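S.K.: Below you'll find the structure I mean.
The values are calculated or read from the model by the stated rules, or taken from the named source; none is laboratory data. No experiment lies behind these values; they were computed from the predicted model shown. Here the Cβ is made from the backbone with ideal geometry for all residues, glycine too, and neighbour counts use every protein chain on show. For the accessible areas, the whole protein counts, side chains as well, though only heavy atoms, and no ligand, DNA or RNA atoms are used. Shrake-Rupley method; radii C 1.70, N 1.55, O 1.52, S 1.80 Å.
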Amino acid sequence: MNSLHSGNGKILKTSLVLLIGALSLTGCATTTVEHQTIASAADPYEDVNRDIFAFNDTVDSYVAKPISDAYKWVTPQFLQTGIFNFFNNLKNVNVVINDVLQAKFEQSAEDTGRLLVNSTIGLGGLVDVAKDVGLPQNDEDFDQTLAVWGVPKGPYLVMPLLGPTTARGAPSSVLDTAANPASYIGMPIQLVSLLNSRANAQGSLDVVQEGALDPYVFIREGYLQTRDHLASDGKNQASLDVDSELGDNNVATTKTVTDKKVATDSTVAVADNANYNLRLSSADSFGGAARSFDATAKSFENANDKIDQLAKQQKTTKSRKAK
Amino acid sequence: MVFKNIKIIAVFIGLLLLGISNAFAIEDGAKQVVDKFQSELIAVMKNGKQLGFTGRYDKLYGPVSNSHDLSKIARIVVGKEWEKLSEAQQKKLVDVFSKLSVASYAHNFKDYSGEAFTIDSEEETARGGVVVYAHLSIPNDKDVKFEYHLKDKDKSWRIINIVANGVSDLALKRSEYTSILQREGFDSLIAKINEKIDNYSKL
């Protein structure tokens, strides 16, 4: 019985491998033909992502937006601000954890101060007193920590209902949720948290709606650039890629150079992914996210070493600056 | 003879000084171009409501097209697709793209509530461009960090890219435009741009 069982398992395994192989082959074939832009190197599953994006958009226009509009209409502004401050303050628990994981010890002390001041004098976080004391809100999360630790972001993914993320961002947001006290409060407050998030996104969504020629690409680019900017604390600039093209006063004569640049860029991106075993076929993006979970778990096993390394790096850069 | 030599030296020094002052003029130029454009923008914002969309558009057309290198930006945002376009199509693209750029300024900077631009610093890039770092202060809100990337065009500096809080307008537009060109073609791109301009004028 046992041997039969293992035999079945083998057949299942081989057929799965074949299936995945076949899917990835067709995936490769279509990607080389259809997607030739630089950006699509970061978005190999564009077709699937676009479908989910369209689904999310429909759900948003028929469910989330009407409820959020009603919330904004019913709730006075001071209360909306209070609610925003309350959830923002709780998020700082996660910010402090990630400050430490990125070896930003000074900032972690400031953010702890921020959390304490707002939770006490700020009436449980309803009033943002810390801002006026000179402790601005910092933005740190597990995705940024993994980026600092050198984990590549992997392919761009659009999650049903949750929206844009990456193979690195998806498992990170699970950790972010776990490290946010708001996740442990009961259902009605969770709903308010959701309403608050949606209502605050309205401004950005208006910009997309008014300004974007292709909302899908606009959101993807905006998301990836903003995440890179945050993870590198403003040191990474997407514009640097473009700078090489800016140097070409005559695009016609330097066309081949530009083309080569595009090719190297995408090869680098592909190599980057391959290094981290994140080279996925177009069908198994969610499997990729699962693998990314594994990678994340492994990263955390070495967390101590990473933090030590980062702290050392920061010390040396500081002493260099001092000299 | 001595006088002649002195004369030559004087002329030489004069030329040298002229050269130096010219170099300085270009150095200063980048910052001045941004500064001038920002103050023109704030001026339009202050009268934004009375001017209305058309008024703001007319007032901003000169300032935007004089401070930006719109034809170069239009060429970069379509990437290598530019080469595949006919001359008439290229001309059409530059034309509607310029209109869209002015229209989006006219739409986004429609009123004034105490905003102020401040130039922080400038830096030369390795490729002979200049980056001007600035920020927009908005009362009761976080500052928006701006980077203006400028390139020399016929001895005057022109804005070629704006990076706001780490998001590069040029990179974002290039992804959008090349994606639409590849997926739907040139006519669809032009139709979409015209639709946006139309929407801006109605909002």
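S.K.: Please report Rg (one decimal) and Dmax (integer) in Å for the Cα set of segment B:57-98.
M.R.: Answer for segment B:57-98, Rg first and Dmax second: 11.3, 35 Å.
S.K.: Using a basic spin-label model with each label point 7 Å from the Cα along Cα→Cβ, how many nm lie between B:F53 and B:A191?
M.R.: Going from the B:F53 label point to the B:A191 one covers 2.1 nm.
S.K.: Give me the number: length gained by fully extending A:E301 to A:S319, i.e. 0.36 nm times residue separation minus the C-alpha to C-alpha distance, one decimal in nm.
M.R.: In short, 3.5 nm is gained.
S.K.: Between B:S86 and A:A201, what's the calculated FRET efficiency when r is the beta-carbon distance and R0 is 51 Å? Round to 0.05.
M.R.: Plugging the Cβ-Cβ distance into 1/(1 + (r/R0)^6) gives 0.80.
S.K.: Could you work out, residue by residue across B:63-76, how many beta carbons of other chains sit within 10 Å of that residue's beta carbon, and then give the average as an integer?
M.R.: 1
S.K.: Right, next: Taking only DSSP H segments of four or more residues, each worth -39500 (n - 2.57), what value at 222 nm results for chain B once the sum is divided by all its residues, to the nearest 500 deg cm²/dmol?
M.R.: So the helix-based figure for chain B works out to -22000 deg cm²/dmol.
S.K.: Taking 8 Å as the Cα distance limit and 6 or more residues as the minimum spacing, I'd like the relative contact order of segment B:19-147 as a percentage.
M.R.: Computed over segment B:19-147, the figure is 26 percent.
S.K.: Moving on to the next point. In square angstrom, rounded to the nearest 10, how much accessible surface does A:V59 have for a 1.4 Å probe?
M.R.: Roughly 40 Å² of A:V59 is accessible to a 1.4 Å probe.
S.K.: If I ignore ligands, DNA and RNA and count only protein heavy atoms, how much of A:M159 is accessible to a 1.4 Å probe, in Å² to the nearest 10?
M.R.: Accessible surface of A:M159 is approximately 30 Å².
S.K.: Compute the normalised compactness of segment A:71-132: alpha-carbon radius of gyration over 2.2 N^0.38 Å, N being the residue count.
M.R.: 1.24
S.K.: Here's something else I'd like to know. Do me a favour and compute the ellipsoid semi-axes for segment B:125-177 from its Cα gyration tensor, root of five times each eigenvalue, largest one first, whole Å.
M.R.: 23, 16, 9
S.K.: How big is D, in µm² s⁻¹, for segment A:174-227 by Stokes-Einstein at 25 °C and 0.890 mPa s if Rh is the Kirkwood radius over C-alpha pairs?
M.R.: Result for D is 186 µm²/s.
S.K.: Considering amide H positions built from the backbone, and no H for Pro or chain starts, which residues 5 or more places from B:H68, or on another chain, come under 5 Å of its amide H?
M.R.: When sequence neighbours closer than 5 places are left aside, the close amide H contacts are B:I159.
S.K.: Is there a simple number for the mean count of other chain Cβ atoms within 10 Å of the Cβ of residues in B:158-168, and what is it?
M.R.: 5
S.K.: Within chain B, which complete DSSP H helices have Cα atoms spanning at least 20 Å along the helix axis and a mean Kyte-Doolittle hydropathy of 0.0 or higher?
M.R.: Counting only whole DSSP H runs, the qualifying helices are B:2-46.
S.K.: What is the gain in length, in nm to one decimal, between A:I185 and A:Q309 on full extension, counting 0.36 nm per residue of separation less the C-alpha to C-alpha distance?
M.R.: Gain on extension, A:I185 to A:Q309, equals 41.0 nm.
S.K.: Could you pull out every residue, at least 5 positions away or on a different chain, whose amide H is within less than 5 Å of the one on B:E122? Hs are placed 1.01 Å off N in the peptide plane, and Pro or chain starts have none.
M.R.: The answer is B:Y133.
S.K.: Report the residues of segment B:49-82 in range of a label on B:T125: point 7 Å along Cα→C-beta, backbone N strictly under 18 Å from it.
M.R.: In segment B:49-82, the label zone of B:T125 (backbone N under 18 Å from the point 7 Å along Cα→Cβ) covers B:67-80.
S.K.: Which FRET efficiency value, to the nearest 0.05, is calculated for A:D69 and B:K202 with the Förster distance at 30 angstrom and r the Cβ-Cβ distance?
M.R.: 0.90
S.K.: Further question on the same structure: Quick one: divide the alpha-carbon radius of gyration of chain B by 2.2 N^0.38 Å and tell me what you get.
M.R.: Against the compact-globule rule of thumb, the ratio is 1.25.
S.K.: Something else about it: How many partner chain Cβ atoms sit within 10 Å of a residue's Cβ in peptide B:126-138, on average, as a whole number?
M.R.: That average works out to 1.
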